[in-house]
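The values are calculated or read from the model by the stated rules, or taken from the named source; none is laboratory data. In this text, all values refer to a predicted model and were calculated from it rather than measured experimentally. Note: ideal-geometry Cβ built from the backbone for every residue, glycine included; neighbour counts use all protein chains shown. To get the accessible areas, we keep the full protein, side chains included, count just its heavy atoms, and leave off ligands, DNA and RNA. Shrake-Rupley method; radii C 1.70, N 1.55, O 1.52, S 1.80 Å.
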Amino acid sequence: MSDRLREAAQSALASQLSPRFMEEHALLPLEVDATGAIVIACGRGVDPTVTDAVARVYQRPVVVVTAPAGDIQAALLAAR
């Protein structure tokens, strides 16, 4: 999963969110799935206001998958 997170941190999807937002919420957009939803990896429980904000940015429903917060943070740092 960490390779996937590193790739996602450098993707066009990630460029649509601020690095600070992703770091503060330990999240990273991974892909748009077959149903058209944006899939985000999250390292801890995600507040509904955060998923609402992500849904507004991408104009898509959000699906949350769990990933280690440390791996998400490392991927975000590597993408800088």
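Entry note, the chain: relative contact order of 36 percent, from Cα contacts under 8 Å with a spacing of 6+ residues.
Note on the chain: dipole from Cβ charges, positive end direction compared against 58, 28, 18; the farthest Cα belongs to 18. Annotation: per residue accessible area for the chain equals 56 Å², rounded to a whole number [probe 1.4 Å, protein chains only].
Surface composition of the chain: carbon plus sulfur atoms contribute 51% of the solvent-accessible area (1.4 Å probe, protein chains only, all chains present).
With each label modelled as a point 7 angstrom along the Cα→C-beta vector, the residue 2-residue 34 pair spans 3.1 nm. In a reduced charge model with +1 at each Lys and Arg Cβ and -1 at each Asp and Glu Cβ, the chain shows a dipole moment near 120 debye about its Cα centre.
Taking a ≥ b ≥ c as the square roots of the eigenvalues of the alpha carbon gyration tensor, the range 9-73 is rounded, as a/c is under 1.5. Summing charges over all other residues whose Cβ lies under 15 Å from the Cβ of residue 15, with Lys and Arg as +1 and Asp and Glu as -1, gives 0.
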